[in-house]
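Computed from the coordinates by the stated procedures, all read-outs in this text should not be read as laboratory data. Just so it is clear, the structure is predicted and the values come from calculations on it, not from any experiment. Quick reminder, even Gly has a Cβ in these numbers, built from the backbone with ideal geometry, and neighbours come from all protein chains shown.
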Amino acid sequence: MKKIVITILLICLVLSFVSMTCAAALKFAFMPGIADPFYFTMEKGAKAKAAELGVELIVGEYPKAWGPEYQVPILKALVARGDIDLLFTAPTSTEALIPVLKEIYDSGIPVITVDTYLGDGDYSKPSNYNFPLSYIGTDNFLGGQVVAGQLALLLGGKGKVFLENTNPDVSSVMDRELGFRAGLKIFPDMELVGVEYCLDVQETAVAQVSAALQKNPDLDGVFGVNVFSAQGAYQAVVSAGLEGGVKIATWDATETLIEALKRKELDLILAQMPGEMGSLCVEWGFKYLTEGAEIPRKVIPGFFVFTQENVNDPDSQKYIYK
Amino acid sequence: MAESNNDSLFNLNKIGESKTLGFLGKNWAFLFLVIMLILFSFLGKNFFSLNNFNNIILGISSLLLLASGEAFVIISGGIDLSIGFVMGFVCVTSSIIMRDLNAAGYSPFFSILTGSLAGLLLGLIPGIINGYLVAKLRVPPFIATLGMWGIANGLAWRLSEGFPIGFLPLQVRDIGNAYIAYFSPKKGFSFFIKPELTERKDILSLLKIIPIPILWITFVLVIFAFILSRTKFGQHTYAIGGKVDAAIRAGINVPLHLIKIYVISSFFAATAGVLLVFKLNMGVHTQYTSSYELFAIAAVVIGGASLTGGKGTIWGTVIGVLLIGTLDNGLMMMGLPIFYRYIATGCILIIAVLIDQFFPELVYKE
């Protein structure tokens, strides 16, 4: 019995050495925030860049819901492999993930936060959350302002608009709301008549926007903050027969939304650049580990605004989430 | 439950004789619904209008079906937690079939019909498995259907990869958003086909009469309400929920009957899934945050059923769903934030159970 145990242990030891020596390439781990097209596109962008640079990319299981209680166990299992050179992740809580990621960082794995951040996202000042190499992601507040401006432009600077949001406890969509509100203030004749939260349930979004249209028959525009609220919003407008009459602005360029834009059921799509974000994480991580390059503490890849005019341009196609 | 309340605030025997209180206890949910409709008509802007009632009923169309299926299970003394995700699973599969057949060049009619029927058939499988686990292998319904809750969800997720399924034949949207009749002050009556209107005020003044999905739902509900209240199958369901030992002694094939019950529940969820494709013109998996199964259970209980089984009706459940939907819509039209609407639904649910406990004799004495 003892011999068997010792033999098994020896085999394990040898195998682990073999696997270590085989793994000459860098290993990056990506821990997404939730299973949705946005993070799938981010993974694709990261994978393409990793293949280009010869980096092995390990992707954590996609959490089924948003929140540290779903993400942290998967993250811990992912890092427990012990052979990871760098982690990039979208923390699902600005506070709860600080100690978890700090522990990973202290064990010698550099961390980049992507799309969402720790604390207030400013890693350049002294704080207990400034250990990540960089925050690579969208400025949601700025994006909200851009949408408000573009929607006002479509409506000639005058009109009543409604905001269909998802979860009141998620920093990214709340920043979009705050940015949208701030952006509207610039236009004295633009009025925000209501805000609803659909909790990512498309059927709920349809009901809420239908009610908003019923309450404000002279509504001119709706901003749906993500894929589910936007698709719900446009379905409600279509169902009321008001397509074209109510301008709809949305966030995230999924194929279904792009199709709707082509069919003139939508008017504006603000595309984040998730593929670009994933690609940047791998690229900067690679430069940091191989060349010791200094990484900017904050990288904002910017936005692309799809309209009915530019949606068919060949240059626009790469911004569609696939 | 009743015995412990005999010496409490209420003298049940005395109240039992009062016809007014008896009527109130039996129909409180319906009366509450009527009061709410009146109240919201005064408080909410544009609440009392045909188009808003269409919004309400379309908003709860999925829940109407899910809750009615759940009613069968709850009356038989069980519970089905999987319905929300079975709906999502069917919604995703049937939309994928429609999309792929249409893309392969088949006619929209054939694609839509095949997708819908395949969805309905696939939707029966979770019910068969649930029923077999509960009836033959004696797995507690809570656990068996919790397992299916995860399986159906995972499958839907895997198949859709988190993306909504789009690119369906255009007719899907036209069918799902059509009404039996339209009346426009400008163009008069028309049936099934929406009149072409360009002016905003004409579009807004268009009266839309009875949405097509609601016609289908009513059809299904009438059949199953008849089965539950007028057939031997229905009586057996109540018998099993009331006292399972007595049902076995009476010669009812309880395991077979239970399998049928879970298949019915699953069938309702599948119907809801197919209707959702038509309604959204898209296939979407069910979100964790949607809690369809819990709202369905709430509606069944508000409608007069008891979680211990043996009590409840389809029409009571419909009232329960209408109550939840009207409350949500009315508070929304008043401009109340979503948080308060959750609190309101919670309060109504607790009131329902309290009435169930304090007035058992009134509510169920025929």
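For peptide B:57-65, how many partner chain Cβ atoms fall within 10 Å of a residue's Cβ, on average? Numbers along the way, then the final one.
On the way: counts 0, 6, 8, 2, 2, 1, 1, 0, 0.
Across the residues of B:57-65, the mean count of other-chain Cβ atoms within 10 Å is 2.
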Packing-based exposure ordering (other Cβ within 10 Å, fewest first) of A:THR166, B:THR231
B:THR231, A:THR166
Could you check which residue among B:GLY162, B:GLY241, B:GLY119 shows the biggest mean-square fluctuation in a GNM of chain B with a 10 Å Cα cutoff?
B:GLY162
Note, ³J(HN,Hα) from phi for the range A:300-306, Karplus 6.51, -1.76, 1.60, rounded to Hz, x at Gly and Pro
10, x, x, 10, 10, 9, 8
Distant-in-sequence amide H partners of A:LYS298 (H built 1.01 Å from N, under 5 Å)
A:TYR135
Estimated dipole of chain B in Debye, rounded to 20 [Cβ of Lys and Arg +1, of Asp and Glu -1, Cα centre]:
500
So what is the relative contact order of chain B, in percent, for Cα pairs below 8 Å that sit 6 or more residues apart?
33
Assuming a viscosity of 1.002 mPa s and a temperature of 20 °C, what translational diffusion coefficient in µm² per second does Stokes-Einstein assign to chain A, Rh being the Kirkwood radius over Cα pairs?
102
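Which residues make up the longest stretch of chain A that has no GluC sites (Glu not before Pro) in a DSSP loop with at most 16 other Cβ atoms within 10 Å?
On the way: sites that count: A:GLU61, A:GLU95, A:GLU294, A:GLU309.
Between the exposed loop sites, the longest stretch runs A:96-293.
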For B:LYS194, the aspartates and glutamates lying under 20 Å Cα to Cα, once residues fewer than eight places off in the same chain are dropped, come out as A:GLU243, A:GLU265, B:ASP174, B:ASP202
Only counting other Cβ atoms within 10 Å, I'd like A:VAL111, A:VAL225 sorted with the fewest neighbours first.
A:VAL111, A:VAL225
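Taking each residue in A:195-204, count the Cβ atoms of any other chain within 10 Å of its Cβ, then average. What number comes out?
Numbers: counts 2, 3, 3, 4, 6, 5, 8, 9, 14, 6.
For peptide A:195-204, the averaged partner shielding equals 6.
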Per residue convex hull volume, Cα only, the protein assembly as shown, in Å³ is 222
Here the range B:56-72 yields Karplus 3J(HN,Hα) values (6.51, -1.76, 1.60; θ = phi - 60°; whole Hz; Gly and Pro given as x) of 4, 6, 6, x, 9, 4, 5, 5, 4, 6, 4, 5, 5, x, 4, 4, 4
Where does the range A:1-125 land on Rg/Rh, using Cα atoms and the Kirkwood Rh?
1.06
22 Å Cα-Cα reach of A:LYS3 towards lysines, excluding residues that sit fewer than 8 places from it in its own chain
none
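For a distance above 17 Å, tell me the whole-number percent of Cα pairs in the range A:140-271 that qualify.
Details: 4303 of 8646 pairs.
For the range A:140-271, the fraction of Cα-Cα distances above 17 Å is 50 percent.
Taking R0 as 51 Å, what FRET efficiency do you get between B:LEU354 and B:THR218 from their Cβ-Cβ distance, rounded to the nearest 0.05? Write out the running numbers ahead of the final one.
Values: r = 31 Å, r/R0 = 0.61.
The formula returns an efficiency of 0.95 here.
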Could you check which residue among A:ILE269, A:ILE98, A:ILE186 shows the biggest mean-square fluctuation in a GNM of chain A with a 10 Å Cα cutoff?
A:ILE186
Rounded to two decimals, what is the ratio between the C-alpha radius of gyration of the range B:242-366 and 2.2 N^0.38 Å?
1.27
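Please give the contour-minus-distance gain from B:SER49 to B:ILE193: 0.36 nm per residue of separation, less the Cα-Cα distance, rounded to one decimal in nm. Can you show the working numbers first?
Numbers: separation 144, 0.36 × 144 = 51.84 nm, distance 2.13 nm.
Separation in residues times 0.36 nm, less the Cα-Cα distance, equals 49.7 nm.
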What lysines sit close enough to A:LYS27 to cross-link, taking a C-alpha to C-alpha distance under 19 Å and skipping anything fewer than 8 places away on the same chain?
A:LYS44, A:LYS47, A:LYS49, A:LYS76, A:LYS287
Amide H proximity to A:LYS160 below 5 Å, modelled H, separation 5+ or other chain, gives A:GLU191, A:ASP220, A:GLY221
Positive end of the dipole of the protein assembly as shown, charges at C-beta (+1 Lys, Arg; -1 Asp, Glu), about the Cα centre: which of B:GLY147, A:LEU133, A:PRO37 has its Cα farthest in that direction?
B:GLY147
In nanometres, what is the gap between the two model label sites at A:THR307 and B:LEU336, each 7 Å from Cα along Cα-to-Cβ?
4.2
Using a Gaussian network model on chain A with a 10 Å cutoff between Cα atoms, which of A:ALA46, A:ALA253, A:ALA211 fluctuates the most?
A:ALA211
Exposure proxy order (Cβ contacts within 10 Å, fewest to most) of B:ILE56, B:ILE74:
B:ILE56, B:ILE74
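What does the helix-only formula give at 222 nm for the protein assembly as shown: each DSSP H stretch with n ≥ 4 adding -39500 (n - 2.57), the total divided by the residues, and the result rounded to the nearest 500 deg cm²/dmol? Walk me through the numbers on the way to the answer.
Numbers: 28 runs with 399 residues, N = 688.
Taking each H run of at least 4 residues, the total per residue is -19000 deg cm²/dmol.
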Just to verify a number: FRET efficiency for B:PHE23 and B:SER107, C-beta to C-beta distance, R0 = 60 Å, to 0.05?
0.65
All-pairs Cα distance distribution in the range A:95-143, expressed in whole percent, bin size 5 Å
5, 22, 32, 26, 11, 3, 2, 0
Taking +1 at the Cβ of each Lys and Arg and -1 at the Cβ of each Asp and Glu, which of B:TYR340, B:ILE314, B:PHE192 sits farthest along the dipole of chain B towards its positive end, judged by Cα position relative to the Cα centre?
B:PHE192
For chain B, what are the per-bin percents of Cα-Cα distances with bins 10 Å wide, up to the bin holding the maximum?
5, 22, 30, 26, 13, 4, 1, 0
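Can you count the Lys pairs in the range A:174-275 whose Cα atoms are under 23 Å apart, with each pair 8 or more apart or on different chains?
Working: A:LYS185/A:LYS215; A:LYS185/A:LYS247; A:LYS215/A:LYS247; A:LYS247/A:LYS262; A:LYS247/A:LYS264.
Eligible lysine pairs with Cα atoms under 23 Å apart amount to 5.
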For B:LEU159 and B:LEU117, extending 7 Å from Cα along the Cα-Cβ vector and measuring point to point gives, in nm, a value of 1.7
Work out from phi, with θ = phi - 60° and the Karplus expression 6.51 cos²θ - 1.76 cosθ + 1.60, the ³J(HN,Hα) of each residue of the range A:265-279, listed in order in whole Hz, and give x for Gly and Pro.
8, 10, 10, 7, 10, 8, 9, 7, 10, x, x, 4, 4, x, 4
Whose amide H sits under 5 Å from the amide H of A:ASP267, counting only residues 5 or more places off or on another chain, with H placed in the peptide plane?
A:ILE248
B:ALA181 versus A:ALA51, label points 7 Å from Cα toward the beta carbon: distance in nm?
6.0
